[in-house]
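The values are calculated or read from the model by the stated rules, or taken from the named source; none is laboratory data. Since this is a predicted model, take the numbers as computed values, not measurements. Counting neighbours? That spans all protein chains shown, and the Cβs are built from the backbone with ideal geometry, glycine included.
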Amino acid sequence: MDFVSNKTIEKLKYDLVRDKYVSFEDIEHAQELAYAQNINIGQALINSGLMSEETLLKFLEDKLHIPYVDLDGYEIDKRCLDFISFKEALAYKILPLFEIEDTLTVAMSDPLDLFAIENIIERTQKVIEPVITSESGILRKINEYYETSSKVKDIDFAGDADYDWREELHANDLSEENIQNILRAILKTAIVKNVHELYFEQNEENLAVKVKIGYDFQDIGAIPNLLANSFITKLKTISGLDPTVNEIPQLGKLNFNVDNKTLTASVSAFPTIAGERIALKIYHPPRNIGTIFEPEKASYIKEQLNKSGIVLVCGGSLSGKTHLIYSMLTDLIPENKTVMTLESIAKYKIPNIYQCELSENIGFNLDKAMRFIEFQSPNIIYFEGISTKEGFDYFTSLALKEKTVLTEFYAENIEDLRTKFSHPEFSLFKSVINTLIFIHNKDSIEIFDKENLKRYLI
């Protein structure tokens, strides 16, 4: 395994100690973590919560006298993309910004990577002026700007339910177009089969492709090892993941178009001793609430969202809990209410809602979000699922502080829900539930008001 270095951080790591940003022990810990996880020391410091990315970048700016540029919202000169190829941008984590006469300004996460700079100088015959930016920001912009290399083309659905993605598989073709076509064909297969979960599993022979139907996994083919690395790099890059990192979990998001409709998928890469296992979960856009509930039921839910307490959406795996909540957030929020969400991935942008994505990489986890979100004074808060006693206690405390909490809970059926609710730790939580919505299946959704909850469930 090759160690992923950052020459800038390596050179200045002891300056961090001298300037009292971190201790010598912190540096040693970060080095151990970096070698174990195959990441650079800077990323290890950030992942460990020892430094924020903003603080580290500001430190580098001051020490190197190289300006820092925040790429969020930055528009680059697209004509400069011809100077640096997609593969070079990805390999060196470098992005061309603009050109003035013979000087090309480039954003770099590692501005002391002289090998990268010399390579670009030699090929472009330009003077290279580096600026510092975050590694994650560069990867996002690579995904945004290198369209021909990093986007999934529109998926059409000429064909029938017997469509087989392997028809697009040309095992000896390593071209970008072939990799793109394979990914597009696999996504098309998932939509045709009406499945919402895809899995890519590395093994010694190939990259297995599986779908999840109900509780069962179905093998739908494999990508030969010759193509596997290129395929994984493509999938991770367009999902905002770092393709050079494969020994720590990563979570990203993939957008693709189907019949002029944009679908979103979460992409989770997880290390195993056999190689990475990548899970892709497809989320369909929210529907108009009128296609889900009769007007009086929709009106009732809107009333409950205007009261303090908990609105709980329950159902089994792949029952559509998140889809229903997104539809409710889109159509049923009362006027003059501030709504905030805390999600691992924001599936779709909802108008007039403050959606927040958690990010372990920068220390913005659920624990930190729960400690600070109340300073924003939201009326309604959507939390993406609850799984710990601390979470239940926290949601209960919010309801007792006159907040409306919208969240989801896994239960296969009503009996399963009764069993789970019978545990003592649920007692206070149950007392602040105003409404429970249970999804039996896509054609059967049951609504329990507070009175019916007491009578039938709790």
Count of residues meeting criterion [under 19 Å from LEU263 (Cα atoms) and surrounded by 16 or more Cβ atoms within 10 Å (Cβ to Cβ)] in the stretch 283-317: 4
Options ASN246, ASN181, ASN194, ASN225; residue that is surrounded by fewer than 18 Cβ atoms within 10 Å (Cβ to Cβ) and either within 27 Å of SER136 (Cβ to Cβ) or out of contact with any strand residue (DSSP E or B) (no Cβ under 6 Å at 6 or more places or on another chain) (or both): ASN194
Elements of type strands (runs of 3 or more DSSP E) contained in the stretch 396-458, each with 3 or more residues being of a type in the set (S, T, N, Q): 433-441
Verdict on TYR199 being in the same structural domain as THR244 (by TED's automatic domain parsing), at pLDDT 75 or above and touching a Leu at 6+ places or on another chain (Cβ under 8 Å): yes
Selected residue (only one of LEU90, LEU60, LEU71 is assigned by TED's automatic domain parsing to the domain that holds VAL127, in contact with a Gly (Cβ under 9 Å, 6 or more places away or on another chain) and under 23 Å from SER359 (Cβ atoms)): LEU71
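Among the listed residues THR322, THR262, THR272, which satisfies the condition of being closer than 27 Å to ALA190 by Cα and more than 17 Å from the chain's Cα centre (by Cα)?
Result: THR272 is the single residue among THR322, THR262, THR272 that is closer than 27 Å to ALA190 by Cα and more than 17 Å from the chain's Cα centre (by Cα).
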Qualifying residue in the stretch 442-451 (condition: polar (S, T, N, Q), at pLDDT 90 or above and buried (at least 19 other Cβ atoms within 10 Å of the Cβ)): no
Looking only at the stretch 72-87, and only at residues there that are in contact with a helix residue (DSSP H, G or I) (Cβ under 7 Å, 6 or more places away or on another chain) and modelled with pLDDT under 85, the one that is surrounded by the most Cβ atoms within 10 Å (Cβ to Cβ): PHE86
Residue list for the stretch 345-381, filter: closer than 24 Å to GLY240 by Cα, modelled with pLDDT of 80 or more and not in a loop (DSSP other than H, G, I, E, B): TYR354, GLN355, CYS356, GLU357, LYS368, ALA369
Failed criterion for LEU428 (all others in (1) closer than 22 Å to GLU343 by Cβ; (2) modelled with pLDDT under 90; (3) more than 26 Å from the chain's Cα centre (by Cα); (4) of a type outside the set (S, T, N, Q) hold): (1)
Entirely in the stretch 1-112, the helices (runs of 4 or more DSSP H) that have 1 or more residues that are more than 27 Å from the chain's Cα centre (by Cα) and without any contact (Cβ under 8 Å) to a residue 40 or more places away in the chain: 7-18, 24-37, 53-64
Of all residues making up the stretch 415-447, the number that are over 15 Å from LYS321 (Cβ atoms) and either of a type outside the set (Lys, Arg) or outside the structural domain of LEU324 (by TED's automatic domain parsing) (or both): 16
Lone qualifier among LEU112, LEU45 - being outside the structural domain of GLU135 (by TED's automatic domain parsing), at pLDDT 80 or above, in contact with a helix residue (DSSP H, G or I) (Cβ under 6 Å, 6 or more places away or on another chain) and farther than 23 Å from THR233 by Cα: LEU45
